[in-house]
Amino acid sequence: MKVLSGAVAALCAAAALSACGSDDDAAGSGDLTPVTFAMASPSWNAGYAVMAVVEAEGFYKEEGLKVTTNLFPSATQAAQQVAAGGADLGLMTVEPVAIGHDKDLNLVYFSSYWAKWIYSLQVPDGSSVKSIADLKGRKIGVSAVASSGSTFARTAMELNGMSQDAASLVPIGAGAQQINAIKSGQVDALALWDIQYQLVKNAGINLTPLPVKETEDAWGGGFATTRKNLEGKKDVLERFGRAVAKAFVFSKANPEAAIRAMWKLYPETRGSDPEEKALADGVKVLEVRLAGQGFDDKSLGRIDGAAATRAVDFMASAGLTRKFPAKEIYTDELFSAFNDFSYDDVKKRAESAS
């Protein structure tokens, strides 16, 4: 896919710049181990409230970590940072690691975050578009022309026997600009990701998905590091994963407290709506992220092998990468350590939070 050629080149250049990570933990604040974390999001929002809870509730510190979180606009840029040693680990969707596998970037996932594939095609209720074939000649709204949602739309059309240019991709940004584009009929369909769709629904727009069978039950991605760090910093990765797992349990037990914790750390996420509506809308977005995470069997962070295989196979079928065993880009050896804490204690802590 031409749209990703520049991203692949950038990833490769980044990998060549520096050795991946350090064998030794640098001296931190007191007895805390410093960790630099690259998160693939241009800004904080309720879909990342769990990651705000980790910091706000002191879960990093409980695990002996001093984590510096840096935001990056795309998964590709977050992957660049990790590959080049600018970050110890990163949170990213599955595409850059799978694509980078062919280029020997040696990135590997060690924990899940997006239990399901997050991109999809959807249309407003009542639309005459009933299938992907009906998109021919239509306008598809995307956050940006170079976004992963755009790539997904092109690929879905190709896999359904259409040219990837059969429909026009229209950048509609995010927030109010996005909502206005949908309500005014500037676009006929959308190629966004899960929490963006929930934000659209929060604005009163009902949507219907267009099934893309190739990504049904596929995995979405998670926390990745270099293979060198996986071997040399296993204990740090386990502590990081456990801190995040605690935040997931806290957020599940009291999603309103999780949203308020994010507001406290990042006031810009509060928005201008009345508090009751802002809180309710934020909880709906957070609940999208909490779905399917593995609370009941205490398997938070586990990467499902079959789902990871479906994700890799989808990208291979689209020509984004060669076909290879998904196990080459993830490990499921650490999730037991992530869940080695008292769920009940964290739930009680969450229930008493305001």
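The values are calculated or read from the model by the stated rules, or taken from the named source; none is laboratory data. If you're wondering where the values come from, they're calculated on a predicted model, not measured in any experiment. Heads up, the Cβs are rebuilt from the backbone with ideal geometry, glycines too, and the neighbour counts pull from every protein chain shown. What goes into the accessible areas is simple: the full protein's heavy atoms, side chains included, and nothing from ligands, DNA or RNA. Shrake-Rupley method; radii C 1.70, N 1.55, O 1.52, S 1.80 Å.
Looking at segment 290-354, which GluC sites (Glu not before Pro) are DSSP coil and have at most 12 other C-beta atoms within 10 Å of their C-beta? Write down the numbers at each step before the final one.
Details: sites: GLU328, GLU333, GLU351; in loops: GLU333.
Here the GluC sites (Glu not before Pro) that fit, given the DSSP loop and packing criteria, are GLU333.
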Next item on the list: Answer with one residue from ALA84, GLN186, ALA253: the one whose Cα lies farthest towards the positive end of the charge dipole of the chain, charges on Cβ with Lys, Arg +1 and Asp, Glu -1.
Entry: GLN186
Item checked: Student exercise, segment 115-220 dipole from Lys, Arg, Asp, Glu Cβ charges, in Debye to nearest 20 -> 240
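ALA83: net charge of surrounding residues, Cβ under 13 Å, Lys/Arg +1, Asp/Glu -1, itself excluded?
Values: positive: LYS103, ARG227, LYS228; negative: ASP88, ASP104.
Residues close to ALA83 contribute a combined charge of +1.
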Item checked: Cβ crowding within 10 Å averaged over residues, with 234-242, 137-145 ranked highest first -> 234-242, 137-145
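Taking 8 Å as the Cα distance limit and 6 or more residues as the minimum spacing, I'd like the relative contact order of segment 251-354 as a percentage. Walk me through the numbers on the way to the answer.
Details: 64 pairs, mean separation 32.0, N = 104.
Averaging sequence separation for qualifying contacts and normalising by length gives 31 percent for segment 251-354.
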Checklist line | Mean-position separation - Cα centroids, segment 37-95 and segment 236-302, in angstrom | finding: 14
Item checked: Local electrostatic count, ALA181, Cβ distance below 13 Å [Lys/Arg +1, Asp/Glu -1] -> +1
Checklist line | Inter-part distance where segment 319-338 and segment 181-230 are each reduced to a Cα centre, Å | finding: 22
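Please compute the length gained on full extension between GLU276 and LYS103, using 0.36 nm multiplied by the number of residues separating them and subtracting their Cα-Cα distance. Please report the intermediate quantities before stating the final value.
Numbers: separation 173, 0.36 × 173 = 62.28 nm, distance 4.86 nm.
Full extension of this stretch gives 57.4 nm more.
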Check: Given a 1.4 Å probe, how much area per residue of the chain is accessible, in Å²?
Finding: 42
Check: At a probe size of 1.4 Å, how large is the accessible area of GLU158, to the nearest 10 Å²?
Finding: 80
Margin query: Please report the carbon-and-sulfur percent of the accessible area for the chain; probe 1.4 Å, protein heavy atoms only, DNA, RNA and ligands left out.
Written below: 47
Next item on the list: In debye, nearest 20, what is the charge dipole magnitude of segment 228-294 about its Cα centre with +1 on Lys and Arg Cβ and -1 on Asp and Glu Cβ, if you could check?
Entry: 380
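For LYS233, LYS252, LYS130, what's the largest-to-smallest order of accessible area, 1.4 Å probe? Each step should come with its number before you reach the end.
Values: LYS233 20, LYS252 115, LYS130 145 Å².
From most exposed to least exposed: LYS130, LYS252, LYS233.
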Item checked: Gain on full stretching of the segment that runs from LYS347 to ALA316 - 0.36 nm per residue minus C-alpha separation -> 7.0 nm
Notebook entry, point to check: Once both labels are modelled 7 Å past Cα along the beta-carbon direction, what's the LYS139-GLU328 spacing in nm?
Noted result: 4.2
Checklist line | Of ALA156, ALA146, SER128, farthest towards positive along the dipole that unit charges on Lys, Arg, Asp, Glu beta carbons give segment 83-218 | finding: SER128
Checklist line | Percentage relative contact order, segment 40-156, counting C-alpha pairs under 8 Å, at least six apart | finding: 18
Next item on the list: With a 1.4 Å probe and all protein chains in place, put ASP102, ASP88 in order of accessible area, largest first.
Entry: ASP102, ASP88
Margin query: Under a Cβ-only charge scheme (Lys and Arg +1, Asp and Glu -1), can you give me the dipole magnitude of the chain about the Cα centre, in debye to the nearest 20?
Written below: 760
Margin query: Once R0 is set to 51 Å, what does the formula 1/(1 + (r/R0)^6) return for the Cβ-Cβ distance between GLU231 and GLU256, expressed as a FRET efficiency to the nearest 0.05?
Written below: 0.80
Note to self: Between (i) 127; (ii) 144; (iii) 255, which entry matches volume of the Cα convex hull per residue in Å³ as derived from the coordinates of this structure?
What the structure shows: (i)
Check: Taking the Cα-to-Cβ direction at LEU71 and at ASN160 and moving 7 Å from each Cα, how far apart do the two end points lie in nm?
Finding: 3.3
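What is the extension gain from LEU32 to ALA203, computed as 0.36 nm multiplied by their sequence separation minus the C-alpha to C-alpha distance, in nm to one decimal?
On the way: separation 171, 0.36 × 171 = 61.56 nm, distance 4.27 nm.
My answer for the length gained is 57.3 nm.
Based on DSSP, what percent of beta bridges with both residues in the chain are antiparallel, to the nearest 5? If you can, show how the numbers build up before the last one.
On the way: 18 of 36 bridges.
Taking every DSSP beta bridge with both residues in the chain, the antiparallel ones total about 50 percent.
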